[in-house]
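Since the structure comes first, as structure tokens, the remarks are kept for the end.
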Amino acid sequence: MNTYKNAFVFHGTAGSPEGNWFPWIKKELEQRGIPTTVPRFPTPEGESLEAWFKVLDEQEQKIGPDSLMIGHSKGGMFLLKELERLKEPVKTAVFVSAPIGIKPILYYKEDKLFTNFEFDWTKIKNKADNFVVFHSDDDPYVSMANGEELAKKLGVKLTFIPHAGHFNAESVYTEFPAILKVIL
């Protein structure tokens, strides 16, 4: 049974709605009656938290208590910032390879400019009914300590998938059955 009214998937740096497993998850969710939006954020040129919020603001009225939100990589950092500013909680927030400031992070300087790695964890914890955190042990961009700490901050068990890299196309992630299983 469909428990989500809609879903949002946030790509990361140099990403797009057509990249990685995003078209696949959009198709899978929509086949189950869950309208899914994958916004195109400006990246890497023009990339800023404000610019990304401006894109999402066009969809803001659709976000509510029955929404599913998924953030990959920098999209996960963005999801944390979006949760901070939401007025009401969403149903589920899923983070995949999200950097939260624990080195090594390959693009630490760029990511720090995006959010300064400052998050209001108390506010965030109250903005979703369910949290899921995916991370792998061989992510070349974001160290696993980020996933471990994010799961700890959110009070959930880390969903660890060995040898999955950055859960991107270069790690052969054009489909992501594990995420579908967890969210449904």
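A short reminder: the numbers here are calculations on the coordinates, not readings from a lab. Here the structure is a predicted model, which is why all the values come from computation and not from measurement. Quick reminder, even Gly has a Cβ in these numbers, built from the backbone with ideal geometry, and neighbours come from all protein chains shown.
Filter the helices (runs of 4 or more DSSP H) completely within the stretch 66-167 down to those with at least 3 residues that are closer than 20 Å to Trp21 by Cα and in contact with a Gly (Cβ under 8 Å, 6 or more places away or on another chain). Give the steps one after another, and end with the answer.
Values: elements: 74-85, 108-115, 121-125, 144-154.
Where helices (runs of 4 or more DSSP H) fall fully within the stretch 66-167 and carry at least 3 residues being closer than 20 Å to Trp21 by Cα and in contact with a Gly (Cβ under 8 Å, 6 or more places away or on another chain), they are 74-85.
Go through Thr92, Thr122 for me and flag whichever is among the β-branched types (Val, Ile, Thr) and surrounded by fewer than 18 Cβ atoms within 10 Å (Cβ to Cβ). Before you say what the answer is, go through the steps one by one.
Numbers: Thr92 fails: surrounded by fewer than 18 Cβ atoms within 10 Å (Cβ to Cβ).
Checking each option against the conditions leaves just Thr122.
Select from the stretch 23-39 the residues that are part of a helix (DSSP H, G or I) and of a type outside the set (Val, Ile, Thr) and list them in ascending order.
Residues of the stretch 23-39 part of a helix (DSSP H, G or I): 23-31.
Result: Pro23, Trp24, Lys26, Lys27, Glu28, Leu29, Glu30, Gln31.
Could you give every pair whose Cβ atoms fall below 7 Å, whose first residue belongs to the stretch 22-48 and is under 17 Å from Phe176 (Cβ atoms), and whose second residue is in a helix (DSSP H, G or I), counting only separations of at least 6 or pairs across chains?
Ile25/Ile179; Ile25/Leu180; Glu28/Leu180; Thr36/Lys26; Thr36/Leu29; Thr36/Glu30; Val38/Phe22; Val38/Lys26
Here is a list: Lys62, Lys81, Lys103. Which entry is farther than 24 Å from Glu149 by Cβ and touching a residue at least 24 places away in the same chain (Cβ under 8 Å)? Talk me through it step by step, then tell me what you get.
Values: Lys81 fails: farther than 24 Å from Glu149 by Cβ; Lys103 fails: farther than 24 Å from Glu149 by Cβ.
When all the criteria are applied, what remains is Lys62.
If you take the residues of the stretch 129-184 that are polar (S, T, N, Q) and free of Cβ contacts under 8 Å to residues at least 40 places away in the same chain, which of them is farthest from Glu28 (Cα to Cα)?
Kept after step one, since they are polar (S, T, N, Q), are these residues of the stretch 129-184: 130, 136, 143, 146, 159, 168, 171, 174.
Going one step further and asking which of them are free of Cβ contacts under 8 Å to residues at least 40 places away in the same chain, we end up with 130, 136, 159, 171.
Details: Asn130: 20, Ser136: 23, Thr159: 20, Ser171: 20 Å.
If we take residues in the stretch 129-184 being polar (S, T, N, Q) and free of Cβ contacts under 8 Å to residues at least 40 places away in the same chain, then Ser136 is farthest from Glu28 (Cα to Cα).
For the stretch 168-177, which residues satisfy the criterion of being assigned to a helix (DSSP H, G or I) and hydroxyl-bearing (Ser, Thr, Tyr)?
Applying the first criterion (assigned to a helix (DSSP H, G or I)) to the stretch 168-177 yields 169-171, 177.
Within the stretch 168-177, just Ser171 meets the criteria.
I'm checking my understanding of the structure. Among residues of the stretch 1-46 that are among the small types (Gly, Ala, Ser) and crowded, with 16+ Cβ neighbours inside 10 Å, which one is farthest from Val142 (Cα to Cα)? Walk me through how you get there before you give the answer.
Kept after step one, since they are among the small types (Gly, Ala, Ser), are these residues of the stretch 1-46: 7, 12, 14-16, 19, 33, 46.
Subset that is crowded, with 16+ Cβ neighbours inside 10 Å: 7, 12, 15, 19.
Details: Ala7: 25, Gly12: 12, Gly15: 15, Gly19: 18 Å.
Taking the candidates together, the pick is Ala7.
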